[in-house]
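A quick write-up on the structure given underneath.
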Amino acid sequence: MELGIVSLSDLQLDPLSGGPVGAQQRLAEIVGYAELADTLGLDVFGLGEHHSVDFAVSSPAVVLAAVAAGTTSIRLTSAVTVLSVLDPVRVYQDFATLDLISGGRAELTVGRSAFTEPFALFGIDLADYDAAFNERLELLLALRKHSTISRWEGRFRPPLRDAEVIPRALDLPIWVGVGGSPGSPERAGRLGLPMTLGLIGGSIDQARRAVDAYRAAGEAAGHSDLLRVGISTHFYAAGSSAAAREVYPYYYEYLRPKRPGGRGFTVSRAQFDAGTGQGMALMIGASEEIAEKILYCKEVLGIDRFFGQVDWGGLPRGRVEESIARLAGEIAPAVRQAAGSAE
């Protein structure tokens with residue numbers, strides 16, 4: 001099983017100055033986390049894409065190219081590329097270029113976005129939220145397969161006629177990132193694409209519905225051999241349960257609405273404690289507790305990949321680095337050994 005980390009690049013207030021942390025600082029931190037994960041032997045690094053003032057990264061391919069220059073082995077993926085609003089030709093070119101720079105380590109994880117800002121920014125009507133994603137995913141898959149598109153027409157970009165799209169990736173796996181929409185896992189399964197499920201609340205058992213729908217659709221379409229499942233969830237590994245629960249103020253800050261009527265929700269201390277309990281989705285606790293939870297996900301959901309979202313809510317860099325080191329040095333060996341023995 002592959003284990004890795006993901007950053008969504010959220011921008012929070014600096015606890016010392018009281019002002020916002022700058023994008024330049026956050027980008028330096030994120031590249032450093034990816035390089036640390038590579039040095040410590042983790043398998044994959046994911047980077048989110050957002051188009052609002054609350055996040056530092058709007059172009060994952062650019063930042064991942066910087067990560068590629070300082071790493072040797074770790075796989076590099078978006079998490080997720082907002083394909084509903086982007087030109088698939090440009091997306092393919094960017095990630096094919098990243099693939100060449102990194103020596104074949106690039107991946108794409110595409111999704112529809114849980115945020116509305118990109119749709120207004122790029123001129124896509126929210127009423128076309130799903131239709132635009134469908135069309136653009138179809139074209140992206142065609143671009144991966146064929147270097148020249150002889151004829152293509154759609155609603156959301158100009159037609160292609162004998163279009164040669166370069167450069168060509170060495171290999172570019174395309175995953176689908178899904179959240180709460182029931183149709184998204186089924187679509188990924190029908191297409192035979194690997195799926196990453198954002199598991200950010202509730203119980204692990206509740207995720208079975210999405211995973212079962214994915215596998216049922218994939219098997220019905222004849223894609224049993226292609227199906228892979230990843231999960232991504234909030235993560236913090238500490239030396240003890242008590243030490244892990246000290247990060248509650250950062251978690252509260254991360255999720256609370258930052259402006260009147262803004263996106264987010266308030267998490268009470270009781271809700272946080274319940275969410276970190278046994279069988280629940282939040283991977284916040286002592287290393288041995290998190291290892292047991294990941295193995296439970298393996299047992300219940302049959303996961304092939306795990307992402308821990310490591311840098312949220314303004315967590316200090318030292319704490320994030322210690323948490324990554326625990327994932328690589330304590331959790332990953334225990335999970336790999338147990339998962340290998342079970343197989």
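A few notes on this one:
- Cβ pairs under 9 Å, 6+ apart, first in region 152-175 and over 30 Å from residue 103 (Cβ atoms), second among the small types (Gly, Ala, Ser) and surrounded by fewer than 19 Cβ atoms within 10 Å (Cβ to Cβ): 152/142; 152/163; 155/131; 156/131; 161/150; 162/150
- Among the criteria (1) under 23 Å from residue 283 (Cα atoms); (2) under 20 Å from the mean Cα position of the chain (by Cα), the one residue 205 does not fulfil is (2).
- Residue within region 229-243 that is at pLDDT 95 or above and in contact with a Pro (Cβ under 9 Å, 6 or more places away or on another chain) present: yes
- Test: residue 176 is over 18 Å from residue 82 (Cα atoms) and of a type outside the set (Lys, Arg): no
- The criterion of at least 2 residues that are β-branched (Val, Ile, Thr) and crowded, with 22+ Cβ neighbours inside 10 Å is met by the following strands (runs of 3 or more DSSP E) wholly inside region 205-314: 229-238.
- Matching residues in region 153-185 - criterion: being under 30 Å from residue 265 (Cα atoms) and surrounded by fewer than 20 Cβ atoms within 10 Å (Cβ to Cβ): 179, 180, 181, 182, 183
- Boolean, residue 188 is crowded, with 19+ Cβ neighbours inside 10 Å and hydrophobic (A, V, I, L, M, F, W, C): yes
- Filter result for residue 335 (touching a residue at least 24 places away in the same chain (Cβ under 8 Å), buried (at least 19 other Cβ atoms within 10 Å of the Cβ) and among the aliphatic types (A, V, I, L, M)): yes
The values are calculated or read from the model by the stated rules, or taken from the named source; none is laboratory data. Being a predicted model, the structure only gives us computed values, none of them experimental. So basically every Cβ, Gly included, is an ideal-geometry build from the backbone, and we count neighbours across all protein chains shown.
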